[in-house]
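Engineer: Structure in structure tokens, see below.
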Amino acid sequence: MADAERAEELKELFWEELKDSPFVMIGLQGVEDSRTRPWTAQVNWQDDKELNRGGDIYFFGAKSEAIVKGLGENNRVVCTFVSKGHKVFAHIHGTLHLVNDRALVDKFWNPFIASWYKDGKDDPELQLLRLDTSKAEIWKAEAGATLVAAALKMLGRDPGKDHEHENQAEVAL
């Protein structure tokens with residue numbers, strides 16, 4: 001498979017898996033408290049299925065959270081994703097921005113988000129964030145890959161070299 005085809009396949013698989021399990025780990029690069037924490041992605045999905053892409057990624061957070069407070073120092077993020085069945089892994093590069101758009105809050109609001117905010121959509125702690133992605137490294141895990149690697153190793157071949165880019169690509173999101 002050509003590199004461009006593999007990249008598009010992995011990109012499409014990433015968006016499918018994120019839609020199924022929208023949980024990521026996010027941390028800010030270069031700030032004192034750079035630990036990653038779990039966040040739930042709210043994706044503004046594209047309507048055109050032929051584009052094979054997702055859309056803008058948003059998150060609801062609290063103004064008192066370390067990530068939201070740290071945006072004044074740096075907005076470059078470390079964002080990692082692991083799909084539900086550990087079929088897809090991704091490291092997403094991008095920047096995080098504060099968004100003050102009531103229409104988007106209304107669009108993404110749901111009972112799960114509401115449970116975190118005492119005063120609902122008017123809670124003074126509520127902050128919407130947008131992740132502007134620049135690129136992502138995506139890996140696809142295949143069943144039996146460890147057995148194949150062990151067999152290649154027994155044959156004196158380097159499994160890392162043989163499958164270095166077969167199930168991995170760097171893509172623009």
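Engineer: Among the listed residues LYS135, LYS121, identify the single one that is modelled with pLDDT under 95 and not polar (S, T, N, Q).
Structural biologist: From the options LYS135, LYS121, the qualifying one is LYS135.
Engineer: When the range 102-127 is examined, which residues are found to be exposed (fewer than 13 other Cβ atoms within 10 Å of the Cβ), assigned to a helix (DSSP H, G or I) and either without any contact (Cβ under 8 Å) to a residue 12 or more places away in the chain or touching a Leu at 6+ places or on another chain (Cβ under 8 Å) (or both)?
Structural biologist: ALA103, PRO111, GLY120, ASP122
Engineer: Please verify whether the range 20-30 includes one or more residues that are at pLDDT 95 or above, surrounded by fewer than 19 Cβ atoms within 10 Å (Cβ to Cβ) and of a type in the set (Phe, Trp, Tyr).
Structural biologist: Yes, because at least one residue in the range 20-30 is at pLDDT 95 or above, surrounded by fewer than 19 Cβ atoms within 10 Å (Cβ to Cβ) and of a type in the set (Phe, Trp, Tyr).
The values are calculated or read from the model by the stated rules, or taken from the named source; none is laboratory data. From a predicted model like this one, the values you see are computed outputs, not experimental measurements. Ideal geometry is used to build each Cβ from the backbone, glycine not excepted, and the neighbour counts take in all protein chains shown.
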